[in-house]
Amino acid sequence: MAFETLITGGEIVDGSGSKGRPVDVGILDGRIAAIGTLDGAESANTIDASGQVVAPGFIDMHSHSDVNLLDDPGGESKAFQGVTTEVTGNCSFSPFPAGKLGAGGLRDAMGTILRSQAEWTWSSLDGWAEATESAGVSLNLAPLVGHGAIRVAAGVNENRPPTPDELVEMRRLAAESVEQGAFGMSTGLTLAPSMYAETDEIASLAEAISPYEHAFYATHARVWAGWHVRALEEAAKIGRKGGVPVQFSHIAIGDSRIFGRGEEMVAVIDRARAEGMDMTCDMYPYTAGASGLNQSLPSWIQEGGIDAMLARLRSPTDRQRAFDDMAEGHFGGLPWTWDKMFITYVGSDANRGVVGRSLEAIAEDRGVDPREAMLALIDEESNNVGVVGHNRIESDVRFFMQYEHAMIGSDGRAISPDGWWATDKPHPRFYGCYPRILGRYVRDDGVLPLETAIYKMSGFPAKRLGLKDRGLIKEGFAADLLVFDPDTIIDHADFDEPHQLSTGVSHVYVNGQAIISDGTHTGARPGRVLRRGG
Ligand SMILES: [Zn+2]
């Protein structure tokens, strides 16, 4: 057989969790055509992978790259990590279905999480997929549909349950997106408007997608003060009532009063699994989280969409009420840590100087209380302001990383270091998540065996998604793979200088085409929108 590409002399770690073995891989027509001793086989292109590991392309279980690739089609921040598929639509935010407000209205409502320069011209998953594929992108995307988008599409932006008719419409919209290929539905239960949903509303929507094979429920849960166990229990309950598998997103402990109590949280997953439910989780390897700054505002002020929130912020009485409410902390009583909250981006040039500074420092500069500094920034930036919060400890990160039913999801975006985001200071997980695990945690500290780490990055998420022909190095599977040096792979991005590509990944193939070759991005755009069941 003559191959398009032949990778020889490497150690194949196939994504199943099995240990590596020294075999060659031949690629033809976008597929893994042969695995074995292939020296002497004819090939247009032969890669000598001696001393390197060949692994299935990483499937990032938790990304927000729904629309970034339209701005930065190369997706360099992820491509150089060996990521070949981004799971999108997380935390309740997806760029479809458009529903009542139309595409532009949905875009405004999805706010900073799905911010991009791209115009939204579609109204459904199919339309978004076509726009993405025809623009051309380097990575594959595997979409979820967001519960926040479904609520907006059905006109339920307020803090109230849907009427019976609205719930019928929401169920229809959820099922329609899953029918078109969404892998499941996500919620973001500290994020408006998803957070206004009660358990039964979500269970009803989960039930609406349950007839579709592999469709699952993903949740950014109610991580409020005192909810570290209840948040998981609510997720399990929704899975049970809705009859769907559950993916608990970015599991972590962000409340210093309960550091070290991860056992209590994963016990909920273990119990659900013992009852026969398919419940899993994902995590990323940093002691900081990131989000829009408005996430920590009182929930009443966010009701009804971003314009309604800004109107309240600009009313002196409501602003005072918010200021007073914030004295009790955020998320129902988490203490503020103003010195550990750093601004990651702002929309205006006028405030560019606050990027990278803490809310404590910004408040000091302005001579105001940090609560007022926070309210003022959201007001001045019309909500276009992001924050990183250093709120976790390393031992908890390692605990969740080692948990048997945890896979890896970066919560980052695929962007370019000289693209539209270049003036921001995004969370370094955009650039470093996977090499950080392989370099720091696998090689340097022995927290995970290499084959287990790779399973958590490829075969395991592929199983959750129900992908039939990705996530493993196996004959007939799509040729999504990477070649990396296990002795040198490492992340470089940090909170001060986040736009630094990881190194140690020499080759990355997406659908058989090289997007990274000898450590250089080729500019190829072989990415596709994957569909459930495909
Ligand atoms: Zn989230």
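Bear in mind these aren't lab numbers, they're just calculated from the coordinates by the rules spelled out. Values in this document were obtained by computation on a predicted structure and should not be read as measured data. Positions of Cβ are generated from backbone atoms using ideal geometry, with glycine treated the same way; all protein chains shown enter the neighbour counts.
Panel note: the C-alpha atoms of the range 1-83, placed on their principal axes, show extents of 43, 29, 20 Å (largest first). May I ask you to derive the FRET efficiency for Asp379 and Glu133 from their Cβ-Cβ distance with R0 = 41 Å, giving the value to the nearest 0.05? The pair Asp379/Glu133 has a calculated efficiency of 0.60. Look at where the Cα atoms of the range 431-461 and of the range 96-117 average out, and the two centres are 35 Å apart. Mean silhouette area of the range 111-243, derived from the convex hull of its C-alpha atoms and averaged over all directions, reads 8.8 nm². DSSP bridge analysis restricted to the chain gives an antiparallel fraction near 55%, rounded to the nearest 5. If you take all other residues with their beta carbon under 9 Å from the beta carbon of Val229, and give Lys and Arg +1 and Asp and Glu -1, the sum is 0. Do the alpha carbons of any pairs in Lys241/Lys456; Lys241/Lys463; Lys19/Lys78; Lys78/Lys463; Lys78/Lys237; Lys241/Lys468 sit beyond 32 Å of each other, and which pairs? Beyond 32 Å between Cα atoms: Lys78/Lys237. When its C-alpha radius of gyration is set against 2.2 N^0.38 Å (N residues), the range 333-468 gives a value of 1.30.
Estimated from the Cβ-Cβ distance and a Förster radius of 41 angstrom, the FRET efficiency linking Asp165 and Arg314 is about 0.75.
Dividing the summed helix terms, -39500 (n - 2.57) for each DSSP H run of n ≥ 4, by the number of residues in the chain produces a 222 nm estimate of -8500 deg cm²/dmol to the nearest 500. Shape summary of the range 40-79, radius of gyration then Dmax from alpha carbon positions: 15.6, 43 Å. Placing one identical point scatterer on every Cα of the range 272-360 and ignoring solvent, what is log10 I(q)/I(0) from the Debye formula at q = 0.20, 0.24 Å⁻¹? At q = 0.20, 0.24 Å⁻¹ the computed log10 ratios are -1.13, -1.33. Roughly speaking, what is the centre-to-centre gap between the range 196-265 and the range 48-85 when only Cα atoms are used, to the nearest Å? The range 196-265 and the range 48-85 have Cα centres spaced 27 Å from each other.
Rounded to the nearest 20 debye, the dipole magnitude of the chain is 860 debye, with +1 charges on Lys and Arg beta carbons, -1 on Asp and Glu beta carbons, and the Cα centre as origin.
The distance from the alpha carbon centre of the range 22-43 to that of the range 128-193 is 40 Å, rounded to a whole number. Both the radius of gyration and Dmax for the chain are 22.3, 78 Å, in that order, over alpha-carbon atoms.
Short-range pairs are left out: with C-alpha atoms under 8 Å and at least six residues apart, the relative contact order of the chain is 22 percent. For the range 33-177, taking Cα atoms only, Rg and Dmax work out to 19.5, 68 Å respectively.
Whole-percent P(r), the range 156-209, all Cα pairs, 10 Å bins from 0: 25, 56, 18. Under the classification rounded if a/c is under 1.5, otherwise prolate if a/b is larger than b/c and oblate if not, where does the range 295-334 fall, given a ≥ b ≥ c as square roots of the Cα gyration tensor eigenvalues? Oblate shape, in that a/c is at least 1.5 and b/c is the bigger or equal ratio.
Toward the positive end of the charge dipole of the range 203-335, with +1 on the Cβ of Lys and Arg and -1 on the Cβ of Asp and Glu, the farthest Cα among Pro298, His220, Gly254 is that of Pro298. Rank Val346, Phe323, Ala308 by how far each Cα sits towards the positive end of the charge dipole of the range 292-389 (+1 on Lys, Arg Cβ; -1 on Asp, Glu Cβ) and give me just the farthest. Toward the positive end, the furthest listed residue is Val346.
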